[in-house]
1. In the range 117-140, how many are within 18 Å of G188 (Cβ to Cβ) and in contact with a Gly (Cβ under 6 Å, 6 or more places away or on another chain)?
2. Go through (1) open to solvent by less than 60 Å² (accessible area, probe 1.4 Å); (2) more than 19 Å from R126 (Cβ to Cβ); (3) at pLDDT 95 or above and name the single condition A12 misses.
3. Can you pull out the residues in the range 1-53 that are more than 16 Å from the ligand (Cβ to nearest atom), among the β-branched types (V, I, T) and either part of a strand (DSSP E or B) or more than 17 Å from the chain's Cα centre (by Cα) (or both)?
4. Kindly provide the set of residues from the range 54-78 that are more than 16 Å from the ligand (Cβ to nearest atom) and among the β-branched types (V, I, T), ordered by number.
5. Among the helices (runs of 4 or more DSSP H) lying completely within the range 79-196, list those that include at least 2 residues that are over 22 Å from Y35 (Cα atoms), within 16 Å of the ligand (Cβ to nearest atom) and open to solvent by 20 Å² or more (accessible area, probe 1.4 Å).
6. For residues that are touching a Leu at 6+ places or on another chain (Cβ under 9 Å) and either open to solvent by less than 10 Å² (accessible area, probe 1.4 Å) or part of a helix (DSSP H, G or I) (or both), tally how many sit in the range 67-78.
7. If I ask for residues that are under 15 Å from V84 (Cβ atoms) and under 15 Å from the mean Cα position of the chain (by Cα), which ones from the range 173-191 would you list?
Amino acid sequence: MVGVGRNYEDHAKEMGSELPASPMLFLMPNTSVAYPGEPITMPAFTEEVSYEVELAVVIGRIAKEVPEERVPEVIFGYTVANDVTARDAQRTDGQWARAKGFDNSVPLGPWIETELDPSDLRISGRLNGATVQDGTTADMVFDVPFLISYISQAMTLLPGDVILTGTPAGVGLLTEGDTFEGEIEGIGTLRNMFRR
Ligand code: MG
């Protein structure tokens, strides 16, 4: 999986960060995937675990140096992701591999929607039923065609690869027993409980 950092201006602001001039990419291992509904165990090394609802793009064809106008040909579909992040490790490590790549740190689901225009979809997150994130994919700094084209200039994308496209504002910490629901218009709701 490839993640994109700071891709919504309101989220970059709330983190006290500048907007990147080009997409800020990071990688997550396949062992970080979690199922919809799967309880997520927050690892012992972190005291600050945060949720981030994100639009996830699932690649359907081998993609290398794809021009923006041909990006739809390489996309299989879309799903909801929670880019669960250990904020303390993110601050101390510099690189984000541990903070965003620990086991089960990327719940995906509830299914893959194959017929969808991703350009202006409501994207929201609920913590124990209360809305905490509420944005639109229209506010992405770099949109889906640009991101897939840009990433494919550097690395060949393979069927089943997943691109996480960033989170809108409203991120916050999770504690034991919390339930987080990420919802994207036209796809559905991804729900996971968090435990120690
Ligand atoms: Mg994120």
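The values are calculated or read from the model by the stated rules, or taken from the named source; none is laboratory data. In this text, all values refer to a predicted model and were calculated from it rather than measured experimentally. Using ideal geometry, Cβ is built from the backbone for each residue, glycine included, and neighbour counts are taken over all protein chains shown. Ligands, DNA and RNA are stripped out before the accessible areas are found, and what is left, the full protein with its side chains, is counted by its heavy atoms. Shrake-Rupley method; radii C 1.70, N 1.55, O 1.52, S 1.80 Å.
1. Number of matching residues: 4.
2. Failed condition: (3).
3. T41, the sole residue that qualifies.
4. V58, I59, I62, V66, V71, V74, I75
5. 87-93
6. Number satisfying all stated conditions: 3.
7. F180, E181, G182, L190, R191
For (1) under 28 Å from R195 (Cα atoms); (2) among the polar types (S, T, N, Q), each residue gets a yes or a no:
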| residue | (1), (2) |
| --- | --- |
| A86 | yes, no |
| R98 | yes, no |
| E113 | no, no |
| Q133 | yes, yes |
| F142 | no, no |
| I148 | no, no |
| M155 | no, no |
| P159 | no, no |
